[in-house]
Amino acid sequence: MTGKTMIVGIDLGTTNSLVAVWKDGGPRLVPNPLGSFLTPSCVGFDADGHVLVGEAARERLQTHPHLTAALFKRYMGSTRTMRLGDRDFRPEELSALVLRALKADAEAFLGEEVTEAIITVPAYFSDAQRKATRVSGELAGLKVERLLNEPTAAALAYGIHEAQRETQFLVFDLGGGTFDVSILEMFEGVMEVRASAGDNMLGGEDFAVLIADLAFANGIPEAARSDAGFMQRLAARAETAKRQLGATGKTSFEVSWQNDQAVIELDAAAFEKLAEPLLNRLWRPIERALRDARIRAADLDNVVLAGGATRMPMVRSLATRMFGRFPAVGLNPDEVVALGAAVQAGLKMKDKALDETVMTDVCPYTLGTEIVRTLDKNVAMEGYYAPIIERNTVVPVSRVQRFFPVHAEQREILIAVYQGESRMVRDNIRLGEVKAPIEPGPAHAGGVDVRFTYDVNGLLEVEVTVVATNETRRLVIESGQAHMSAAEIARRLEALSALKIHPRDTLENRTLLARAERLYEQLLGTPRDHVGQMILRFEQLLATQDARLIARDAAQFRDALKAIEAEGHFTPDYAD
Ligand code: AMP
């Protein structure tokens, strides 16, 4: 024990979270019990009511959707709850369970108790979202005196705070599903977020989707899209291919579905060509952030890359071309935020924490409506989300978009209002609806203009104007009171403390079982039976509690599962 309170740095992410500590004069990432620095931000319950956090829960998202939750960071600061089994959880509580797991990992790593944390939040997080993040820390038994903006953390990881003069720089953060650009300025020891812009429908996953889609252009029929097991295997293949392209400049793989096959071969140049539309979308938020901050690209002192997708060479070279200089590299971009949080923790332990100004006068969520998409052969698909006001827009703001009826004989148009970042409306929060009467006629003629106006008090006004008649309909939505009272926090803390948590050393085995169960659901026939036998054998072994035997078998079990995942079918090296 050092005698001084141990503070850890935590990157509480939408898909993954990381914890890092200041140790031996530098920031160090802390591995979880599976040996990984990245812990999926997923929480679930198993059959006997134990909490599962991280990889094990992520594996169970598909097999046990009613007992598992993910992406809850998107709902922080809102009143939306997620149901797990027979209980509703607030996003603060689910985040708290992730934080608790990270706290336990850090304690195991350091051999001492951890009571305080610096937690990072996106620069555009509103006041309500920041409060919710603090409450999460409290619910996890962590004092959170300070939150740290993610771009500031990325800058700290690169030691920008050590600069002796005023510096201006840009943080280019391309994660799995979102692109965030922030312009920061450090002046007299205070970091200020000058502007932030982004595209919350653009991330590394979109690049993998491009590769996966090649399967359908090369022999796999469209019908395979409704086979969830196939789609997941294909997505995993595409993800591997994407990383391989970055590492070696080429990739090839085969996929089959029923009697159809596709061979996909791709090199870096062809991938870049394919990804051109995505790469082009990186420009807009950057131009906007520069304009908002009134800074020219040439005046930036530095460009910092964050987010796993900036590992892609084409993204790096684009960033280099955009700014006419090499961005700061050297650290793993998916780790910089956690490392920076640990730097701030280290500074705080020496009472030298960096001060920041916080930006909260932005619309914290994307607001939009539901649309119908017409795919090839005129198949209409319902339930798509059309953003109208993008998250992170400075308020007050008013935006208008025109929508058209789906059928010529339609007499009414319904505008359903949603808040959230997901592609499908069912994954977003429904806030209300407005109906407007329209004249039947050719669908393209009788549109409506939908205006969303969002003000500083979180009041959203939706105005629907029928283009042909100028008739209008209005709806006003007040943002819900999301704050939790001290009494409620205490009550929830007690309830959370009563939850049963698997001991850290059994987590690896739980994760293996969860992964095997997912494969069991995806496979059919003999391979499925084999996976079933493997699960049974491993469960029986766990019951013996013989640690040595379990460890040996776990390794074989893991290899067998890996082979099945890679091949898409069973290879019989386990469970005989
Ligand atoms: P993050 O949200 O920062 O964890 O970023 C996750 C995204 O980074 C995912 O879309 C990953 O596919 C992507 N990513 C991680 N490592 C690599 C890599 N080596 N090459 C390409 N993309 C990567």
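The values are calculated or read from the model by the stated rules, or taken from the named source; none is laboratory data. Keep in mind that this is a model prediction, so the values were computed, not measured. Glycine also receives a Cβ, built like all others from the backbone with ideal geometry; neighbour counts cover every protein chain displayed. Heads up: the accessible areas ignore ligands, DNA and RNA and are worked out on the full protein's heavy atoms, side chains in. Shrake-Rupley method; radii C 1.70, N 1.55, O 1.52, S 1.80 Å.
Structure data summary
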item	result
Summed side-chain charge close to V464 - residues other than V464 whose Cβ falls under 12 Å, Lys, Arg +1, Asp, Glu -1	-1
Aspartates and glutamates whose Cα lies under 14 Å from that of K348, excluding same-chain neighbours fewer than 8 positions away	E116, E145, E356
Y520 accessible area, assembled protein chains, probe 1.4 Å, Å²	80 Å²
Beta bridges per DSSP with both ends in the chain, % antiparallel, nearest 5	80 percent
Rounded to whole Hz, the Karplus (6.51, -1.76, 1.60) HN-Hα couplings of the stretch 342-350, x for glycine and proline	5, 4, 4, 4, x, 5, 5, 5, 9
Convex hull of Cα atoms in the chain, direction-averaged projection (nm²)	28.8 nm²
Residues of the stretch 49-191: accessible area per residue with a 1.4 Å probe, Å²	32 Å²
Quotient of Cα Rg and 2.2 N^0.38 Å for the stretch 204-276, N being how many residues it contains	1.03
Accessible carbon and sulfur surface of the stretch 523-567 relative to its total accessible area, %, 1.4 Å	54 percent
Rg [Å, one decimal], Dmax [Å, integer] - the stretch 1-137, C-alpha atoms	15.0, 47
Distance from the stretch 159-208 to the stretch 420-499 (C-alpha centre basis), Å	29 Å
Backbone HN-Hα couplings from phi across the stretch 252-266 [Karplus 6.51/-1.76/1.60, Hz, Gly and Pro as x]	8, 7, 10, 9, 9, 9, 6, 9, 9, 9, 9, 10, 10, 10, 8
Prolate/oblate/rounded call for the stretch 387-472, Cα gyration tensor, a/c under 1.5 rounded	prolate
Stretch gain in nm, segment K23-E287, where the contour uses 0.36 nm per residue and the Cα spacing is subtracted	91.2 nm
Straight-distance crosslink candidates among lysines, where the alpha carbon sits under 28 Å from K500 and sequence neighbours closer than 8 are dropped	K73, K103, K131, K143
Estimated 222 nm signal from helices in the chain, with DSSP H stretches of n ≥ 4 weighted -39500 (n - 2.57), rounded to 500	-11000 deg cm²/dmol
